[in-house]
Amino acid sequence: MTARRALPLRALWMLPAALALLAGLDAALLLLGLPAPVTTARLPLVHGVVLVLGFVGTLIALERATAWGRRIGFAAPALLGAGAVLLVVDAVPLAAAKLVLVAGMAAFTALYLPLWRRQRDAALLTQLLAAALGCAAAILWLGDLPVTRLMPWLIAFVVLTIAAERVELARITMGAGAGGRLLLAAWATTAALVVTLIDADAGARLLGGVLAALTVWLVRHDVARRTIAARGVTRFMAACMLAGYGWLAVAAGVLLFGHPVSQPAYDAVLHAVFLGFTISMIMAHATTILPAVLRIPLPYRAVMWAPMLLLHAGLVLRIGFGDGLGGPAAWQLGGVLNIVAVLLFLLVAVGSAIAGPAVRAPAQAAASSAAEPAPGIRIGIGAGIVTGARTGTNTGAVR
């Protein structure tokens, strides 16, 4: 099948992910106490899981299925996308929707097995473990574990997947043993998650310590520290990555105090990870993710800085002044800016893809080439976008 004929099928797989994203942003408005286009009873309660396992899981599974190249592999994104859509439909029993999501995560985890046989690599094994943790999260949720207790598992799924991708793309600067060290951190993360089921506070502190150490290690060895001085897409990618590491450090710091019981602490951890870290990484790699999955060029344009800066400005308002200082107006305004930033970046990305490659000077073209991975390197960073509310005590919805 040619790339041109395969494109409509891949685009079709993206539709459930897009619906999950829009549903999640709609729920975010509801959780912020604002009017939203669609209002359902269940939507705010499943907001976080839809976005992390539905949206993010579908995107990464789609990339992995594309990398494997077998039609059966697309069962994973199909099930995850279907599960995400069913979760937001009140008429569908919640247990049935959860079961479809479990099946999707199981198929997603299984996708890594043929990839592992093809390339026995520690970074890839870390991604397999991350998928298994995501599958475990879906199973625990099916067993009615409160979503607040599910939060560490969702964090591990996203963070370990992205960290493994960074190790894959920075082998030269990180050294040959980087994959092994990351895998060690992944097993330490898994141990912390198991502890959370026994003692939520102790497990959260352990997870915070592992995430803090992982963040320091990534910042120390990531090439972004040097490429931030470059121009064009290279500088944009570096700025996104470094900002993302900063927010991951914030989340780790909050977790060091134990399981976030208060809504402000809970809100800060989730949005630092799923917006500050994850969306920064998706923005950084957007120009390589879309071509890898859909084979549609997505040229870098300077206007991409606007949603990126808006995202982080919103997070400073929401987490710093809203959650940190107890300012409800700042918290709500920050949440709105986050939603606008995500939608704006999507519009910019679609517009850039439609407009096609920009005419670039030789120096800019060289910088862009240096920022992109060599042919054959997979790009598959997913993004969980969780935007929502903070009122009273922790109610159990991922917000």
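Can you tell me which residue among R149, R117 is farther than 24 Å from G276 by Cα and at pLDDT below 95?
Answer to the selection: R117.
Inspect all residues belonging to the range 354-363 and state whether any of them is part of a helix (DSSP H, G or I) and free of Cβ contacts under 8 Å to residues at least 40 places away in the same chain.
yes
Applying the selection to the range 47-72, what residues are of a type in the set (A, V, I, L, M, F, W, C) and free of Cβ contacts under 8 Å to residues at least 60 places away in the same chain?
V50, A61, A65, W68, I72 - these are the residues of the range 47-72 that are of a type in the set (A, V, I, L, M, F, W, C) and free of Cβ contacts under 8 Å to residues at least 60 places away in the same chain.
Here is a list: A202, A249. Which entry is aliphatic (A, V, I, L, M), closer than 19 Å to V269 by Cα, more than 21 Å from the chain's Cα centre (by Cα) and assigned to a helix (DSSP H, G or I)?
Going through A202, A249 in turn, the sole match is A202.
Could you go through the range 211-223 and let me know if any residue there is farther than 20 Å from T126 by Cβ, crowded, with 24+ Cβ neighbours inside 10 Å and of a type outside the set (F, W, Y).
No - not one qualifying residue is present in the range 211-223.
For A91, which of the numbered conditions (1) among the aliphatic types (A, V, I, L, M); (2) more than 21 Å from the chain's Cα centre (by Cα); (3) modelled with pLDDT of 95 or more fails to hold?
(3)
Hey, can you tell me all the residues within the range 321-345 that are surrounded by fewer than 16 Cβ atoms within 10 Å (Cβ to Cβ) and closer than 23 Å to M281 by Cα? Break it down stepwise before answering.
If we filter the range 321-345 for residues that are surrounded by fewer than 16 Cβ atoms within 10 Å (Cβ to Cβ), which is where we start, we get 325-326, 328-329, 340, 343.
Scanning the range 321-345 gives V340, L343.
Restricting to the range 165-197, what's the tally of residues that are without any contact (Cβ under 8 Å) to a residue 24 or more places away in the chain, over 22 Å from A284 (Cβ atoms) and assigned to a helix (DSSP H, G or I)?
Here the count works out to 5.
Need pairs with beta-carbon distance below 8 Å; first residue farther than 19 Å from V89 by Cα and within the range 30-41, second in a loop (DSSP other than H, G, I, E, B) and not aliphatic (A, V, I, L, M); sequence gap 6+ or separate chains.
L32/T387; L32/G388; G33/T391
With the requirement that a residue be assigned to a helix (DSSP H, G or I) and either over 13 Å from L346 (Cα atoms) or small (G, A, S) (or both), what does the range 290-302 give you?
The answer is P291, A292, V293, L294, A302.
Suppose we filter the range 57-92 for residues that are in contact with a helix residue (DSSP H, G or I) (Cβ under 9 Å, 6 or more places away or on another chain) and within 28 Å of T40 (Cβ to Cβ); how many remain?
Of the residues in the range 57-92, 23 are in contact with a helix residue (DSSP H, G or I) (Cβ under 9 Å, 6 or more places away or on another chain) and within 28 Å of T40 (Cβ to Cβ).
Starting from the range 297-321, keep only residues that are more than 16 Å from L248 (Cβ to Cβ), then list their pairs with residues that are surrounded by fewer than 17 Cβ atoms within 10 Å (Cβ to Cβ) and β-branched (V, I, T) whose Cβ atoms are within a distance under 7 Å, requiring at least 6 positions of separation or different chains.
Listed pairs, sorted by first residue: L310/V340.
Go over the candidates A156, A107, A131 one by one and state the one that is in contact with a helix residue (DSSP H, G or I) (Cβ under 6 Å, 6 or more places away or on another chain), at pLDDT 95 or above, under 21 Å from A212 (Cβ atoms) and among the hydrophobic types (A, V, I, L, M, F, W, C).
Numbers: A107 fails: under 21 Å from A212 (Cβ atoms); A131 fails: under 21 Å from A212 (Cβ atoms).
Just one listed residue meets the conditions, A156.
Take residues that are surrounded by fewer than 21 Cβ atoms within 10 Å (Cβ to Cβ) and tell me which of the helices (runs of 4 or more DSSP H) falling wholly in the range 1-113 contain 2 or more.
So the answer is 3-31, 57-68, 75-87.
Filter the range 163-185 for residues that are buried (at least 23 other Cβ atoms within 10 Å of the Cβ) and in contact with a Ser or Thr (Cβ under 7 Å, 6 or more places away or on another chain); which is nearest to M237 (Cα to Cα)?
Ranking the qualifying residues of the range 163-185, first place goes to A164.
Can you pull out every residue in the range 104-114 that is within 18 Å of L150 (Cα to Cα) and among the aliphatic types (A, V, I, L, M)?
Of everything in the range 104-114, those that are within 18 Å of L150 (Cα to Cα) and among the aliphatic types (A, V, I, L, M) turn out to be M105, A106.
Would you mind telling me which numbered condition in (1) without any contact (Cβ under 8 Å) to a residue 40 or more places away in the chain; (2) crowded, with 20+ Cβ neighbours inside 10 Å A132 fails?
(2)
Which residue pairs have Cβ atoms under 7 Å apart, sit 6 or more places apart or on different chains, and have a first residue in the range 334-350 that is small (G, A, S) and a second that is not in a helix (DSSP H, G or I)?
Hits for this filter: G335/L32; G335/T387; A349/L298.
The values are calculated or read from the model by the stated rules, or taken from the named source; none is laboratory data. None of the values given here were measured: they were computed from a predicted structure. Positions of Cβ are generated from backbone atoms using ideal geometry, with glycine treated the same way; all protein chains shown enter the neighbour counts.
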